[in-house]
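Report on the structure given below.
The values are calculated or read from the model by the stated rules, or taken from the named source; none is laboratory data. Quick caveat, the model's predicted, so the values are computed rather than measured. Don't worry about glycine lacking a Cβ; one is built from the backbone with ideal geometry, like all the others, and counts go over all protein chains shown.
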Amino acid sequence: MLDKLQAIKDRWTHVGDQITDPAMMADMRIYAQLNKEYKELKLIVEAYDDYVLLLSNIENCKNLLETEKDEEFRQMTKEELDELLPQVEIMEERIKTLLIPKDIEDGKNAILELRAGTGGDESGIFVGDLFRMYSRFCDAKGWHIEIMNENPSAAGGFKEIVAEVTGTDVYGILKYESGVHRVQRVPQTESQGRVHTSAASVAVLPEADEFDIELHENDIRKDVFRASGAGGQHVNRTESAVRVTHIPTGIVVECQDGRSQLKNYEQALKVLRSRIYEIKYKEHLDEIASKRKTMVSTGDRSAKIRTYNYPQGRITDHRIGMTIYNLAAFMDGEIGTMIDALIVAENAEKLKGGVN
């Protein structure tokens, strides 16, 4: 392992030299990739340096015990050695975790899309509950969430809502939420008190930038129209809403939450770019999904991943069989424990199968 870690450190040093090379800085795409690699390798290099220092201290203690005659000093050295030895296994596990190949898009921002599924009005209300849950979670993480498009449901909640989430490692954490979420509860519209099952789909896309997807003007059709729903007189009286169609793929995106046509157009292109990029990225994920049973970042929107059972106050994630009996707190944004468990499960699969 030490040879592998030294090779990583050598690569980190080389990348650091490249970053300061004016020729590399002239190509912003390459420069951005090198910067990202440098930051990722730095964590491993720091852990490697700590590990080497730990081994060195252990070796020094052992040498002292072999040569030192003073009993008091020998006792102090033994105590120090007893403290150092257990740290080896802990540090090795940490390094193994750091060496697990990250999915290439984990550090990106994300586009979060929620849509009502089966269940009529109750499904739209559930979408509203889920969006509130994610909003609270994002606030706690210090992330920024901005609504890009919304289609309110008459009974409350949303038929559809799309938002951009920006922050540190957003996609790498939120990607575990992609799939079908099922809720079991007595609907607000149900007078007989019977438990109904409804569903909503969640899609988390890695936000693509201009470096990832280049959009050609001739491939895009732009239509403008008046926004509907809430937004004030200005929004509803002017043709500020934008619909863009990507002709080669047929992908259509609407944005109407911004106050200006330009703002909505920029937002629509951002979502369009991410949806096109998702198609390419999903091909990469599909290659490895069959090798990992807990691979949950494929964005398979037809897979039922989680059930929210209100009568029993529980949430069950079907991918890892984990159940939490704290529904109120969970719906208030405390979903970190579940996501952490999913990350641990997937990392375990990566270590077990050696899948990149």
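Out of the helices (runs of 4 or more DSSP H) lying entirely within the range 1-116, which hold 3 or more residues that are under 30 Å from residue 178 (Cβ atoms) and not β-branched (Val, Ile, Thr)?
Correct list: 28-67, 71-99.
Consider residue 59 carefully, then state whether it is closer than 30 Å to residue 76 by Cα, acidic (Asp, Glu) and loosely packed, with under 12 Cβ neighbours inside 10 Å.
yes
Would you mind stating whether residue 208 is surrounded by 14 or more Cβ atoms within 10 Å (Cβ to Cβ) and either in contact with an Asp or Glu (Cβ under 7 Å, 6 or more places away or on another chain) or aliphatic (A, V, I, L, M) (or both)?
yes
Which members of the range 145-159 meet the condition of being within 18 Å of the chain's Cα centre (by Cα) and of a type outside the set (A, V, I, L, M)?
Hit for the range 145-159 is 146, nothing else.
Considering only residues that are surrounded by fewer than 18 Cβ atoms within 10 Å (Cβ to Cβ) and over 15 Å from residue 183 (Cβ atoms), look in the range 301-319 and name the one that is modelled with the highest pLDDT.
Only one residue tops the list, namely 303.
Every residue, every condition in (1) in contact (Cβ under 8 Å) with a residue 60 or more places away in the chain; (2) touching a strand residue (DSSP E or B) at 6+ places or on another chain (Cβ under 6 Å); (3) over 19 Å from residue 340 (Cβ atoms), yes or no:
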{"site": "95", "(1), (2), (3)": "yes, no, yes"}
{"site": "107", "(1), (2), (3)": "yes, no, no"}
{"site": "131", "(1), (2), (3)": "no, yes, yes"}
{"site": "139", "(1), (2), (3)": "yes, no, no"}
{"site": "145", "(1), (2), (3)": "no, yes, yes"}
{"site": "148", "(1), (2), (3)": "yes, yes, yes"}
{"site": "153", "(1), (2), (3)": "no, yes, yes"}
{"site": "165", "(1), (2), (3)": "no, yes, no"}
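Might you let me know whether the range 110-132 holds any residue that is surrounded by 21 or more Cβ atoms within 10 Å (Cβ to Cβ), out of contact with any helix residue (DSSP H, G or I) (no Cβ under 6 Å at 6 or more places or on another chain) and charged (D, E, K, R)?
Among the residues of the range 110-132, at least one is surrounded by 21 or more Cβ atoms within 10 Å (Cβ to Cβ), out of contact with any helix residue (DSSP H, G or I) (no Cβ under 6 Å at 6 or more places or on another chain) and charged (D, E, K, R), which makes the answer yes.
May I ask you to list pairs of residues, at least six apart or on different chains, whose Cβ atoms are under 8 Å apart, with the first in the range 58-74 being in contact (Cβ under 8 Å) with a residue 12 or more places away in the chain and the second being surrounded by 10 or more Cβ atoms within 10 Å (Cβ to Cβ) and of a type in the set (Ser, Thr, Tyr)?
Once the first residue is in contact (Cβ under 8 Å) with a residue 12 or more places away in the chain and sits in the range 58-74, its partners that are surrounded by 10 or more Cβ atoms within 10 Å (Cβ to Cβ) and of a type in the set (Ser, Thr, Tyr) give 61/77; 64/77; 65/77.
Taking into account only those residues within the range 273-290 that are surrounded by 14 or more Cβ atoms within 10 Å (Cβ to Cβ) and over 17 Å from residue 171 (Cα atoms), which is modelled with the lowest pLDDT?
Out of the qualifying residues, it is 288.
Is there any pair linking a residue in the range 11-27 that is within 16 Å of residue 41 (Cβ to Cβ) and surrounded by 13 or more Cβ atoms within 10 Å (Cβ to Cβ) to one that is modelled with pLDDT of 85 or more and charged (D, E, K, R), with Cβ under 7 Å and at least six apart or on different chains, and which?
12/42
Yes or no, residue by residue, for (1) modelled with pLDDT of 95 or more; (2) hydroxyl-bearing (Ser, Thr, Tyr):
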| site | (1), (2) |
| --- | --- |
| 96 | no, no |
| 127 | yes, no |
| 132 | yes, no |
| 139 | yes, no |
| 146 | no, no |
| 159 | no, no |
| 176 | no, yes |
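One residue is enough: does the range 229-236 have a residue meeting the conditions more than 28 Å from the chain's Cα centre (by Cα) and modelled with pLDDT of 85 or more?
No, every residue in the range 229-236 fails to be more than 28 Å from the chain's Cα centre (by Cα) and modelled with pLDDT of 85 or more.
Name the residues in the range 136-158 that are crowded, with 16+ Cβ neighbours inside 10 Å, assigned to a strand (DSSP E or B) and not aromatic (Phe, Trp, Tyr), would you?
Answer for the range 136-158, where residues must be crowded, with 16+ Cβ neighbours inside 10 Å, assigned to a strand (DSSP E or B) and not aromatic (Phe, Trp, Tyr): 145, 147, 148, 149, 150, 151, 152.
Which of the residues that make up the range 195-222 are assigned to a strand (DSSP E or B), over 25 Å from the mean Cα position of the chain (by Cα) and either modelled with pLDDT under 80 or not hydroxyl-bearing (Ser, Thr, Tyr) (or both)?
196, 220, 221, 222
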